[in-house]
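The values are calculated or read from the model by the stated rules, or taken from the named source; none is laboratory data. For clarity, every value in this text was computed on a predicted model and none was experimentally measured. Counting neighbours? That spans all protein chains shown, and the Cβs are built from the backbone with ideal geometry, glycine included.
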Amino acid sequence: MGWFWADATPAAPAVSKPLNHPQSGGDAAPPPGCPMHNKKTVDTFASAAPTPAAAPAPTPPASGCPVPHSNPSADAALSSCPVPHGSAPEPTADNQQSFLSKLNPLNYMFHSISQERAPNQTHALPTSRDESSIPKGTGDGNWEYPSPQQMYNALLRKGYTDTDVTAVESMVAVHNFLNEGAWGEIVEWERRFGKGLLRGWEVSKRGEDNADIELRRLEAQEGGREQPTLIRFQGRPKEMTPKAAILQMLGRVYPSKFGTEPPFDRHDWFVSRNVNGQQKEVRYVIDFYSGPPEPTGEPVFYLDVRPAVTPTAAVERLMRWGGDVWWKASGSEVREEKKNARL
């Protein structure tokens, strides 16, 4: 869920082909294809090596192989190239940085997914991309959803080679629908608490049933509503949120009330909130659940959208839940109905 990509296309990484040749022994001429016998390679390798503390051993001529062939016992032990080709090198900080540099920092994905038709693809997919209603944090328009062809290529890249290509367009439609729903929940939360806790309590103190009325009244006094923007987001499908983990635990104890499948996806969305003229970054957590299908066969999904747990977010949640409970428990709801009946 929630895939958006930038338009820049990164350069294709260079592919190193494995070298494969037997190691010569004795005084036989070394294989001409080995990079260790190339003068430029040896010079580069030697210049990059650190200077040892002890006196260096005599350097062989640049045209000779750096592996000593004069020792018969050593020649017998060496049956392959000294450069290890069979296994990938251990990841280092430099390698990790090089990989991360290829990712879009706004969504931790590759900057661009190909629009080209995949090998052995039996069904043509559209390459047009729909624009979402979600404004970018940079201020230059809205985020764009991936095209069906991009979605298919992304699934193949993730290893889902058994994806039904004829179902990809429907998958994109559901994907876009869920993201629009998630953004709608975020916008409603920001309408209530985006301008501070005091204003949030003004909206929440009369319960959920009257919250929309209070919001429209306050927004009319303020001259309109502020539109939040999405700075960046991150998919974390393999990391269950604490709330989802607790619900799964309660489902084992009380399955009739809390029993549900674990979420099939999780996202963290980072939203820009305008607080007294200053931009503040607020992280929202979204759990995606699937439910039993409709009698007509249509799939059903549930979204649990809320701000990540921080001191401020905890107070916001308490106000929203506590305001609704207090409004009903104190009899305010009944008094409100009688008051409206007299008018």
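Just a few scattered comments:
- Some residue of segment 101-114 being of a type in the set (Val, Ile, Thr), under 18 Å from the mean Cα position of the chain (by Cα) and at pLDDT below 90: yes
- Considering residues of segment 282-318 that are charged (D, E, K, R) and touching a Pro at 6+ places or on another chain (Cβ under 8 Å) only, the residue nearest to GLU239 (Cα to Cα): ASP287
- If only residues of segment 230-245 that are surrounded by fewer than 17 Cβ atoms within 10 Å (Cβ to Cβ) and out of contact with any Phe, Trp or Tyr (no Cβ under 8 Å at 6 or more places or on another chain) are counted, the one that is farthest from GLY141 (Cα to Cα) is ALA245.
- Search result, residues across segment 246-274 that are surrounded by fewer than 14 Cβ atoms within 10 Å (Cβ to Cβ) and either modelled with pLDDT of 95 or more or among the β-branched types (Val, Ile, Thr) (or both): ILE246, VAL253
- Selected residue (criterion: surrounded by the most Cβ atoms within 10 Å (Cβ to Cβ)) from residues of segment 292-309 that are within 15 Å of ALA244 (Cα to Cα) and touching an Asp or Glu at 6+ places or on another chain (Cβ under 9 Å): PRO307
- Condition broken by TRP321, with the remaining ones in (1) within 25 Å of ASN210 (Cβ to Cβ); (2) surrounded by 16 or more Cβ atoms within 10 Å (Cβ to Cβ) satisfied: (2)
- Within the option set VAL271, VAL275, VAL253, being out of contact with any strand residue (DSSP E or B) (no Cβ under 7 Å at 6 or more places or on another chain) and closer than 30 Å to GLY139 by Cα holds for one residue only, VAL275.
- Among the conditions (1) surrounded by 15 or more Cβ atoms within 10 Å (Cβ to Cβ); (2) in a loop (DSSP other than H, G, I, E, B), the only one that GLY159 does not satisfy is (1).
- The set of residues in segment 141-156 being surrounded by fewer than 20 Cβ atoms within 10 Å (Cβ to Cβ) and in a strand (DSSP E or B) consists of ASN142, GLU144.
- Residues that are surrounded by fewer than 18 Cβ atoms within 10 Å (Cβ to Cβ) and either among the hydroxyl-bearing types (Ser, Thr, Tyr) or at positive phi (or both) within segment 190-206 comprise just one, GLY196.
- Count of residues meeting criterion [in contact with a helix residue (DSSP H, G or I) (Cβ under 7 Å, 6 or more places away or on another chain) and either outside any helix (DSSP H, G or I) or among the β-branched types (Val, Ile, Thr) (or both)] in segment 196-207: 4
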